[in-house]
Amino acid sequence: MLVETESNMRMELTQHTFKRDVTLQTLGPNGEVTGEYIRNSQFLFDDKGTRIERVFYHPASTIRKLKITKEDIQDLAGAQLLGIDVAEKGKYRLTYAGTELFGPREVLAFDVAPVPTPNPHRMRERFFVGRIWADARNYQIVKIKGTVEPSGKQRFPVFETVRESSGSDLWFPASTYADDILRFPHYDVHYRIKVRYYDYKRFASKLTITEIDQPPASSIPDPSSRVTLN
């Protein structure tokens, strides 16, 4: 039932555009912001669920303590947005962890682990590792918490994504938040992620997909330009 409900949500999401505001920050010892990466976009989807990103505000990053990689950008539109990919059978193992409360709702908790071992030599193959919570009445996922693997030489934070009512019977992603210490061999980085998803609108047009790694870092790109994520 969980797989069927999540599949229905994703299918419905392919019929919607939405906007996403991303802020990635590094923090100093007293919590002060030492660097910032901002990426505000509109997302479109084709009928296969491929995400098309139209970037409308993306100033030059001021983050110096770490590099924002293509895996960071991939995760923003992948596991951090949706968590597990239930459409890929055999990719994940779900273990029931009991019932909890999420606000007034009773939810079912499931621990999630990938079936194949994430390969650090295949960084494009991203896997969510953590826990999901689904409404006990209708099996809709309402919260996701975990990280993304493999990490290789990189480090990725523990994040939490919350879903909210889309105005229909389905809940769509509303926010992602992370505040974690990334531990590298010779230094640590206090890293924070704040993402908001909003302005969901139904959209039924077919789209032509062109893949590139990342958009150019310009403040206000041509509004007709389109960028896809890997």
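Every number here is computed from the coordinates shown, using simple stated rules; none is lab data. Predicted model only: the values in this text are computed from it and were never measured. No Cβ is skipped: glycine too gets one built from the backbone with ideal geometry, and neighbour counts run over all protein chains shown.
A few notes on this one:
- Entry note, segment 35-157: relative contact order of 16 percent, from Cα contacts under 8 Å with a spacing of 6+ residues.
- TYR57-GLU164 pseudo-label distance in nm [points 7 Å out on the Cα-to-Cβ vector]: 1.8 nm
- Spacing of the modelled spin labels on ILE68 and ALA136, each 7 Å from Cα toward Cβ, amounts to 4.1 nm.
- 31 Å Cα-Cα threshold exceeded, pairs from LYS70/LYS143; LYS65/LYS91; LYS153/LYS201: LYS65/LYS91; LYS153/LYS201
- Annotation for TYR96 and ARG155: the two label points, set 7 Å from Cα along the Cα-Cβ direction, are 3.8 nm apart.
- Between GLU36 and MET11, the contour length at 0.36 nm per residue exceeds the Cα-Cα span by 5.6 nm.
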